[in-house]
Amino acid sequence: GSIKDIYYPIKYNVACIGNASSYHFLYNTWHSMIRRCYDKKHECYKNYGGIGIVVCSEWLCFEYFLNDAIRIEGFDENLIKNHKLQLDKDIKSGDIKIYSPQTCQWVSGEENRKESCNRNNPYIKAINITNGVIEIFNNQHDFTRKYNLNLGCIQHVLNKKRKHHKGWTFEYIYF
């Protein structure tokens, strides 16, 4: 028989499991991170590996990721096991395109989505045509909740398919 090298990069030709188990509760978090950054066939690759996001060399081994994961800000085993926390690299590090102990933290799904909306959405200028109120925002979900509006209808106004929605006009603005 042959001897299996547990540190040989078998995951997308860049990552290995090392001296750890793929049955560990953090394995899916690690594997998803590796896959988004290195599997060109994955649907999310274009938003991760496709724009240069990588995983630090230590974390290309699941064993070493496990050693660090428990020390990362926000770690809570029960919340992670219950899918209440996610690993995020953007909130703490901004535009740095690397998953690492220095750039990551554990956050709630809601916090991750909200921060993602703030980072990825262009700013929008909203004008209330009845009272002249003007607001500038980049999180459409928060704005719709604040004024009880429909997100799809706002999109129709932004895409010029309708003139206004419940007395509001909208346009993209760029700084």
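The values are calculated or read from the model by the stated rules, or taken from the named source; none is laboratory data. As the structure is a prediction and not an experimental result, all values here were calculated from the model. Note: ideal-geometry Cβ built from the backbone for every residue, glycine included; neighbour counts use all protein chains shown. Each accessible area value is taken on the protein alone, full model and side chains, heavy atoms only, with ligands, DNA and RNA left out. Shrake-Rupley method; radii C 1.70, N 1.55, O 1.52, S 1.80 Å.
Please give me the summed charge of the neighbours of M33: other residues whose Cβ is under 14 Å from its Cβ, Lys and Arg +1, Asp and Glu -1.
Values: positive: K11, R35, R36, K89, K97; negative: D39, E58, D68, D88, D90.
That works out to 0.
A Gaussian network model of the chain, with springs between Cα atoms under 10 Å, assigns the largest mean-square fluctuation among G109, G18, G94 to G94.
Each label point was placed 7 Å from the Cα along the Cα-to-Cβ direction; for C44 and I173 their separation is 3.3 nm. Quick one: among L158, L79, L60, which has the greatest mean-square fluctuation in a GNM of the chain with alpha-carbon springs under 10 angstrom? Between L158, L79, L60, it is L158 that shows the largest mean-square fluctuation.
Ranked from the most accessible area to the least, with a 1.4 Å probe and all protein chains present, what is the order of Y8, Y147? Don't skip to the end; give the middle numbers.
On the way: Y8 140, Y147 75 Å².
From most accessible down to least: Y8, Y147.
Of all the stretches in the chain, which is the longest one without any exposed loop site, taking GluC sites (Glu not before Pro) in a DSSP loop (any state but H, G, I, E, B) with at most 14 other Cβ atoms within 10 Å? Spell out each step's value before the answer.
On the way: sites that count: E43, E73.
Longest site-free region, per DSSP loop and neighbour criteria: 74-175.
Could you order I134, I173 by accessible surface area, starting with the largest, using a probe radius of 1.4 Å? Could you put the intermediate results ahead of the total?
Values: I134 100, I173 35 Å².
Correct descending sequence by accessible area is I134, I173.
Compute the FRET efficiency between S93 and I6 as 1/(1 + (r/R0)^6), taking r as their Cβ-Cβ distance and R0 = 30 Å, and round to the nearest 0.05. After rounding to 0.05, the efficiency reads 0.50.
Shown here: Rg and Dmax of the Cα atoms in Å, derived from the displayed model; of the candidates (i) 21.0, 80; (ii) 16.1, 45; (iii) 18.3, 62, it corresponds to (i).
On region 71-175, 48 percent of the accessible area sits on carbon and sulfur atoms, based on a 1.4 Å probe.
So, R0 is 30 Å and r is the distance between the beta-carbons of S32 and Q155; what FRET efficiency does that work out to, to 0.05?
Working: r = 29 Å, r/R0 = 0.96.
The calculated FRET efficiency here is 0.55.
Going by accessible surface with a 1.4 Å probe and the largest first, D95, D76, D68, D88 read D95, D76, D68, D88.
For F170, what charge total do you get from the other residues with a beta carbon under 12 Å from its beta carbon, if Lys and Arg give +1 and Asp and Glu give -1? For residues surrounding F170, the net value is +4.
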